[in-house]
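Colleague: My questions all concern the structure below.
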Amino acid sequence: MSLSLFNLEGKVALVTGSGQGIGLAMAEGLSSAGAHVVLNGRDTAKLEAARKAIADAGREVSVAAFDVTDQHAVEEGIAMVEAKAGPIDILINNAGMQKRGPFVDFAAADWHQIVATNLHSVFYVTRAVAKGMVERKRGKIVSIGSVMSELGRPTIVPYTATKGAVKTMTRGLAAELGKHNIQVNAIGPGYIVTELNQALIADEAFSTWVKSRTPAGRWGETKELIGAAIFLSSTASDYVNGHLLMVDGGLSVAV
Ligand code: GCO
């Protein structure tokens, strides 16, 4: 009984920003749990490489390369996905970006780009997908927050603002959509080895700080987010709603 709670056979899962990094790892993980994964991103070469790897493993996969910051492209993209792959059962709002720099010098254009990528995308894609979930009276929505949904660090204020909004948007959506048997949760990665963090990993002093600041004493790996993604996408979490599940080696609870 217990393992079947995590079985995603027959489910369609859309993962935004899944050409690389955390999104790709979660897409592969949901696929390994049985889901038909729909990959999304901007880099079609990376998406095709990911699609081929999953298909070569004998699992159902497709690609939908629409721009998650463009509401019309999102509406069209979601309609196309559901026409080809079927109704979306699981939405992973992963698309995101990071730009670092002193707040007082932060360019407005960079602020708008981060907000569009990390937050407008969650609004546009969730709104488009939730319509069908409400009609079907079932769905799983998982957005990728951050330890920065709860904490602050100098030089990443815009990113932090968006990740704090992901946390509270998750709570608002949980409150509104719960009655439709839709569970809305978030995952808060800590310091994970990804392309987004390459500059930090290369900085020996910063990397040493991460290891000392994290009770686990190390950076996390993208594959370590898969369990949380499967849990929040499966029957195992049918009574979990509005939760931000930190996967951070303990960083957010330690001083
Ligand atoms: C930084 C990092 C962090 C984390 C991210 C993971 O510049 O401090 O990008 O923001 O990697 O928050 O959730």
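What follows is calculated from the coordinates using simple rules that are stated; it is not laboratory data. Small disclaimer: the values here were computed from a predicted structure and weren't measured. Backbone-built Cβ (ideal geometry, glycine too); neighbour counts: all protein chains shown.
Colleague: Tell me, which helices (runs of 4 or more DSSP H) lie completely within the stretch 1-86 with 3 or more residues that are under 20 Å from R127 (Cβ atoms)? Quick ask: steps written out before the conclusion?
Modeller: Values: elements: 21-32, 44-56, 71-84.
Per the criteria, 71-84.
Yes/no matrix, rows are residues, columns are (1) buried (at least 19 other Cβ atoms within 10 Å of the Cβ); (2) within 16 Å of the ligand (Cβ to nearest atom); (3) more than 25 Å from N185 (Cα to Cα):
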position	(1), (2), (3)
G86	no, no, no
A107	no, no, yes
Q113	no, yes, no
I144	yes, yes, no
V147	yes, yes, no
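Colleague: Scanning for something within 23 Å of I88 (Cβ to Cβ), free of Cβ contacts under 8 Å to residues at least 60 places away in the same chain and either more than 16 Å from the chain's Cα centre (by Cα) or surrounded by fewer than 23 Cβ atoms within 10 Å (Cβ to Cβ) (or both), does the stretch 149-171 turn up at least one residue?
Modeller: yes
Colleague: Which members of the stretch 188-209 meet the condition of being near the ligand (Cβ under 10 Å from one of its atoms), among the small types (G, A, S) and within 22 Å of E150 (Cα to Cα)?
Modeller: G188, G190
Colleague: Out of curiosity, is E204 exposed (fewer than 14 other Cβ atoms within 10 Å of the Cβ) and within 19 Å of the chain's Cα centre (by Cα)?
Modeller: no
Colleague: Looking only at the stretch 223-255, filter to residues that are charged (D, E, K, R) and outside any helix (DSSP H, G or I); which one of those is surrounded by the fewest Cβ atoms within 10 Å (Cβ to Cβ)?
Modeller: D238
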